[in-house]
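The values are calculated or read from the model by the stated rules, or taken from the named source; none is laboratory data. Everything quoted here is computed from the prediction, not taken from an experiment. Heads up, the Cβs are rebuilt from the backbone with ideal geometry, glycines too, and the neighbour counts pull from every protein chain shown.
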Amino acid sequence: MKRLLLLMVALGAILEVSAARIDTVAVHSTVMQRDLPVLVVVPEASTEQALPVLYLLHGYGGDECQWQEITDLRPLADRFGMIIVCPDGEKSWYWDSPLKPESRFETFVAEELPHWVDAHYRTIASREGRAITGLSMGGHGGLWLGIRHREIFGAAGATAGGVDIRPFPDAWRMHEQLGPLKKNRKRWNSHTVINEIETLQNGELALVIDCGYGDFFYEVNQNLHKKLRKLGIDHDFYVRPGRHESAYWRVSLPYQMLFFERYFGQAK
């Protein structure tokens, strides 16, 4: 009898973990005139009520599946009661590139995709029900899009984010999106998160930022934290041991989702 009870408990735990589902969809972008793959994690609670949405962005070289490969998003979606949307942002850094008209991922992720998601799922279709974050390039994207589209997102974050691109002028093919730094300094200055925060007023956006001590983005994240403090903009910032790798991001995500859960609860 005892073994049967233990088996039932174990089976219940497995079923609970697997309650959420993963939808792999193609979302049409009008501005880019093509379909883009998106992974959507839908918690079991979506059948009962409208839910907040977390837009979760991948890093350079990743795709819409990167986060699901790092950690199973289904139990996290169930635990925190959020729909998780992971778009393919290619290698765009989530900009509307001034040089490549076929790369307009700011418009896609911040405007076209939320409209599509709200039309196809039971969502809280307002900024109070949307958050955005990501890792590395996606951390830049989470803050870049969150700050620039405060009418869409009420909360934004970054884990190990490339929050200041200028110290890395030859890395990750950013010059293909913006042109070489030496000849386009003004453009680079206007396309980096650490400068974009100057448009923020305190309280306009709930912010969470984290980075590992051993990460090559640690210094730029520290600089962002210091600048936010100087500007008087409230934010959560935490650091811990870790490098620029999946092991760090896997641990980071639940902490960020806890922050967003608190924001969603307060924003009701």
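Summary of computed values
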read-out	value
Criterion: touching a residue at least 60 places away in the same chain (Cβ under 8 Å) and among the acidic types (D, E) - qualifying residue of E261, E204, E245	E261
Meets criteria (at pLDDT 95 or above, surrounded by fewer than 19 Cβ atoms within 10 Å (Cβ to Cβ) and not acidic (D, E)) for A247	yes
Matching residues in the range 69-113 - criterion: being of a type outside the set (A, V, I, L, M, F, W, C), within 23 Å of V42 (Cβ to Cβ) and within 13 Å of the chain's Cα centre (by Cα)	P87, D88, G89
Subset tally (residues that are of a type in the set (D, E) and closer than 14 Å to G134 by Cα) for the range 40-68	2
Any hit, the range 94-116, residues being surrounded by 20 or more Cβ atoms within 10 Å (Cβ to Cβ), assigned to a loop (DSSP other than H, G, I, E, B), among the aromatic types (F, W, Y) and out of contact with any Lys or Arg (no Cβ under 6 Å at 6 or more places or on another chain)	yes
Selection status of W144, outside any helix (DSSP H, G or I), of a type in the set (F, W, Y), in contact (Cβ under 8 Å) with a residue 12 or more places away in the chain and under 22 Å from V163 (Cα atoms)	no
Test for I152: is it of a type in the set (V, I, T), outside any helix (DSSP H, G or I) and at pLDDT below 95	no
Close pairs (7 angstrom Cβ cut-off, 6 or more residues apart or separate chains): over 19 Å from R173 (Cα atoms) in the range 53-68, part of a helix (DSSP H, G or I) and among the β-branched types (V, I, T) anywhere	V53/V117; Y55/V109
Tally, over the range 174-201, of residues that are surrounded by 12 or more Cβ atoms within 10 Å (Cβ to Cβ) and either within 21 Å of the chain's Cα centre (by Cα) or not charged (D, E, K, R) (or both)	19
For D170: the one exception among (1) surrounded by 14 or more Cβ atoms within 10 Å (Cβ to Cβ); (2) free of Cβ contacts under 8 Å to residues at least 24 places away in the same chain	(1)
Flag if E176 is in contact (Cβ under 8 Å) with a residue 60 or more places away in the chain, under 30 Å from P101 (Cβ atoms) and in contact with a Leu (Cβ under 8 Å, 6 or more places away or on another chain)	yes
Verdict on G59 being buried (at least 20 other Cβ atoms within 10 Å of the Cβ), part of a loop (DSSP other than H, G, I, E, B) and either touching a strand residue (DSSP E or B) at 6+ places or on another chain (Cβ under 7 Å) or not small (G, A, S) (or both)	yes
Among (1) of a type outside the set (F, W, Y); (2) within 28 Å of E128 (Cα to Cα); (3) buried (at least 23 other Cβ atoms within 10 Å of the Cβ); (4) in contact (Cβ under 8 Å) with a residue 60 or more places away in the chain - the single one D164 does not satisfy	(3)
Out of R166, R122, R173, sole residue that is of a type in the set (K, R) and at pLDDT 95 or above	R122
Cβ-Cβ under 7 Å pairs, at least 6 apart or on other chains, the range 179-195 side under 26 Å from Y218 (Cβ atoms), far side basic (K, R) and surrounded by 13 or more Cβ atoms within 10 Å (Cβ to Cβ)	L181/R166; W188/R166; T192/R166; I194/K227
Hits in the range 219-246 - residues which are over 15 Å from G157 (Cα atoms) and more than 17 Å from the chain's Cα centre (by Cα)	E219, N223, K226, K227, R229, K230, L231, G232, R240, P241, G242, R243
Residue in the range 117-135 that is surrounded by the fewest Cβ atoms within 10 Å (Cβ to Cβ), counting only those that are in contact (Cβ under 8 Å) with a residue 40 or more places away in the chain and among the basic types (K, R)	R122
